[in-house]
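The structure appears below as structure tokens.
What follows is calculated from the coordinates using simple rules that are stated; it is not laboratory data. Computed from a predicted structure; not experimentally measured. Backbone-built Cβ (ideal geometry, glycine too); neighbour counts: all protein chains shown.
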Ligand code: NI
């Protein structure tokens, strides 16, 4: 079991665009997916992009815990290579985000409510599905990592950005807009 070191905000690997992957099924990339899986489980997040573990390739992992799924079932962990997200409709939703590369903080970010996600799965098979709600938010957050963008750059109201501990003690109400 390998637990990888997670890069923190300020490290150059987090601000550079990542490279497309030609073949997700190479031994190195299979090993990377396994190591990212154990790293994500250890860190307790819901998503992890390869640049966060110092690998500048277009790959992210994400899942939806049952508690974050209105339908209750959640969604299993999935690896997506070369993801392309296309917004469906104009609706955006404001919600709280955190990031393993920005520990201890959270902020409110507006994301497209529904997106189409294409790419390749861990076996190199095409992915083409529609995500909405929390899954869409996580995918957009992770896809941003592949373009060198961290969520604080998308915070519009800095009153809704701070230490998680303080925001739990003093909740800041989000107004959808
Ligand atoms: Ni992140």
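Estimated at 0.36 nm per residue, the fully extended path between residue 9 and residue 132 surpasses their Cα-Cα distance by 41.6 nm.
At the listed q of 0.16, 0.18 Å⁻¹, the Debye profile of the range 33-177, built from one uniform point per Cα, gives log10 I(q)/I(0) equal to -0.87, -1.12.
Were the residues from residue 96 through residue 118 laid out at 0.36 nm apart, the gain over their Cα-Cα distance would be 5.4 nm. DSSP finds beta bridges in the chain, and of those with both partners inside it, around 95 percent are antiparallel.
In units of the rule-of-thumb radius 2.2 N^0.38 Å, the range 37-112 shows an alpha carbon radius of gyration of 1.18. For the pair residue 23 and residue 86, a Förster radius of 30 Å applied to the C-beta separation gives a FRET efficiency near 0.80, rounded to the nearest 0.05. Once both axes come from the Cα atoms, what is the angle between helix 27-43 and the longest principal axis of the chain, in degrees from 0 to 90, rounded to 10? The angle comes out near 30 degrees. Model label points for residue 163 and residue 175, set 7 angstrom from Cα along the Cα-to-Cβ axis, are 2.8 nm apart. Compared with the dominant Cα axis of the chain, that is its longest principal axis, helix 134-146 is turned about 60°.
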